[in-house]
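Below: the structure, in structure tokens.
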Amino acid sequence: MSRTRGGGRHLDEDDIRVRARGGSKPRTRKRPKHENAVEGLVTAVDRGRYRCLVADVPVVAMKARELGRGSIVVGDRVDVVGDLSGRPDTLARVVRVRERASVLRRTADDTDPVERVIVANADQLAIVCALADPAPQPRFVDRCLVAAYDAGLEPLLCLTKADLASPDEMLRTYKPLGLPYEVLSPDGGLDELRARLAGKSTVFVGSSGVGKSTLVNRLVPGTDRAVGHVNAVTGRGRHTSTSALALPFEGGWLIDTPGVRSFGLAHISPEEIVAGFHDLAEIAEECPPGCTHQPDAPECAVEAAQARGGLDAERVASLRRLLSSREGEDDTDPEQPPPGPHH
Ligand SMILES: Nc1nc2c(ncn2[C@@H]2O[C@H](COP(=O)(O)OP(=O)(O)OP(=O)(O)O)[C@@H](O)[C@H]2O)c(=O)[nH]1
Ligand SMILES: [Zn+2]
């Protein structure tokens, strides 16, 4: 109806007639819903409370009932009403969630049909992987890559602990994918990484002990205090949330994901993975429906093109690896931390 669609700003003839007739409260005088709402960005979520940055003031808000069961996640741009002072014990209300430019999703595991959005509106996925202690986990990196391609985020490989081991083997593995990467050590500089992060919204993922917190702390000093001991949403008590947490960084955001140890990929189809390989996707269109594109797949056009020698063998191997990373157990479950002397 025009009344609501126009946001109440425009009166049409119908409105005027209603007004002229008088009687009970004219509907036109009803304000458009939440016309005073202010835009904010969700920086943390904890048990039904949303920390939003509204005009640089951190405000704690709840979800308005009219939003129903729809999720609100870190990175969401939302409209907020109510007490926006940010004073302790005030509670504002999120009344709208703006359309998301991207959604990073996962399922709890590969058999879980329910996918969850972890972060909204991110541009980049920083995949943190240690070169030693714990040993590199290409499988984890592959799964993160698949999740990044699915979400339309640019992957950025961050290889930590270069003081302990050489990055050569990992770089060889990922070279065919043409990923941007950073090799990091405790006394090495971070300027190049900073430049890659500036102005973007970057989600950091990594399995336990790879040095993700150390890295985020180096980039945003003081994070430890804010995250480690204080509830990220209420600013009081112990931090118990395992949700993501957005930290302002040089015109963009660093989004830490303490609770995300794995990416269930049940929601991602093989077609979506192939689509991430622009040079191979066209060839794969000639494959029979449901083709696995593995070496033993009957009448696989990718295999045929490979046999003719027309393809980059390493790209094909990488595609096959990512396709098979969708299947089977994820070996980086929180219940099963990788072996290593840390912690
Ligand atoms: N040698 C070396 N050790 C590092 C480096 N970065 C981090 N560490 C150590 O690795 C251990 C794990 O680092 P964290 O930053 O806690 O790792 P995390 O990825 O946040 O792991 P969680 O705390 O489980 O989330 C700590 O003992 C760090 O001091 C590095 O570049 N080189
Ligand atoms: Zn095929």
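The values are calculated or read from the model by the stated rules, or taken from the named source; none is laboratory data. Owing to the predicted nature of the structure, the values given are computational and were not obtained by experimental measurement. When we count neighbours, we look across all protein chains shown, and the Cβ atoms used for this are built from the backbone with ideal geometry, even at glycine. The area values use the complete protein model at the heavy-atom level, side chains included, leaving out ligands, DNA and RNA. Shrake-Rupley method; radii C 1.70, N 1.55, O 1.52, S 1.80 Å.
Among the residues of region 205-212, not a single one is surrounded by fewer than 17 Cβ atoms within 10 Å (Cβ to Cβ), among the hydrophobic types (A, V, I, L, M, F, W, C) and away from ligand 2 (no atom under 16 Å from the Cβ).
Residues being assigned to a loop (DSSP other than H, G, I, E, B) and touching a residue at least 40 places away in the same chain (Cβ under 8 Å): count how many of those fall in region 167-221.
First, the residues of region 167-221 that are assigned to a loop (DSSP other than H, G, I, E, B): 167, 178-180, 184-190, 198-200, 207-211, 220-221.
Within this subset, residues satisfying the condition of being touching a residue at least 40 places away in the same chain (Cβ under 8 Å) are 198-200, 207-211.
Residues meeting the conditions: 8.
Counting the residues of region 34-80 that are open to solvent by less than 20 Å² (accessible area, probe 1.4 Å) and either outside any strand (DSSP E or B) or more than 26 Å from Asp123 (Cα to Cα) (or both) gives 5. Taking region 246-319 as the region of interest, the helices (runs of 4 or more DSSP H) fully inside it that hold 3 or more residues being within 16 Å of ligand 2 (Cβ to nearest atom) and within 17 Å of Tyr149 (Cβ to Cβ) are 270-275, 278-284.
Restricting attention to region 166-193, the residues being within 11 Å of ligand 1 (Cβ to nearest atom) and either open to solvent by 30 Å² or more (accessible area, probe 1.4 Å) or not aliphatic (A, V, I, L, M) (or both) number 5.
May I ask you to verify whether Ala64 is under 13 Å from the mean Cα position of the chain (by Cα), more than 30 Å from Met170 (Cα to Cα) and either away from ligand 2 (no atom under 16 Å from the Cβ) or at pLDDT 95 or above (or both)? No: the conditions fail for Ala64.
Has region 118-128 got at least one residue that is away from ligand 1 (no atom under 16 Å from the Cβ) and farther than 20 Å from Pro248 by Cβ? No, region 118-128 contains no residue that is away from ligand 1 (no atom under 16 Å from the Cβ) and farther than 20 Å from Pro248 by Cβ. Condition check for Arg238 on (1) more than 25 Å from Phe140 (Cβ to Cβ); (2) open to solvent by 20 Å² or more (accessible area, probe 1.4 Å); (3) modelled with pLDDT of 85 or more: one failure, at (3).
Being over 19 Å from the mean Cα position of the chain (by Cα) and of a type in the set (Ser, Thr, Tyr) is not true of Thr107. Filtered by the rule that a residue be outside any loop (DSSP other than H, G, I, E, B), under 23 Å from Ala44 (Cα atoms) and open to solvent by less than 50 Å² (accessible area, probe 1.4 Å), region 107-144 gives Thr107, Val117, Ile118, Val119, Ala120, Gln124, Leu125, Ala126, Ile127, Val128, Cys144.
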